[in-house]
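Each remark here refers to the structure printed beneath this line.
Each value in this text was obtained by applying a stated rule to the coordinates, not by laboratory testing. Values in this document were obtained by computation on a predicted structure and should not be read as measured data. Heads up, the Cβs are rebuilt from the backbone with ideal geometry, glycines too, and the neighbour counts pull from every protein chain shown.
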Amino acid sequence: MKLYSHPVSPFARKARIIAHELELKLEIIDVQARNDENLRRMNPSSRSLSWCWTTFSLFDSPVICEYLNHTGGGKFFPGMNIWKHNSGRWKALGLQALGDGVADAAVAWRYE
């Protein structure tokens, strides 16, 4: 598994933490999102975080983190339960979105 990211990206850090905690092996490839044509071909949004497998690529940190969690059998995100509607899944997704919002603001502040 290859993770294309910028070394200081908070979004990539989130994926690296999940992979580390679940003992998943990732090949980290540092890229400059604005200048890397290979990344643009894999990731149409041209953001610095993209995950590539041999047959497909995923982009956007929530999707990558969900996939890593699922692949590694993790418990970072509660599963859906048809018998119990309040399974914690929506809270986990809301907290992830809040974290991404804070990271977006930090990245924007850094560029200013």
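Site pair A92 and M1 shows an inter-label distance of 1.5 nm when each label is modelled 7 Å from Cα along Cα→Cβ.
How far, in nm, would the chain grow between T71 and K25 when pulled straight, counting 0.36 nm per residue and subtracting the alpha carbon separation? List each step's numbers first, then the result.
On the way: separation 46, 0.36 × 46 = 16.56 nm, distance 1.14 nm.
Contour length minus Cα-Cα distance gives 15.4 nm.
When the listed pairs K25/K91; K2/K75; K14/K91 are checked against a 20 Å cut-off, the alpha-carbon distance exceeds it for K25/K91; K2/K75.
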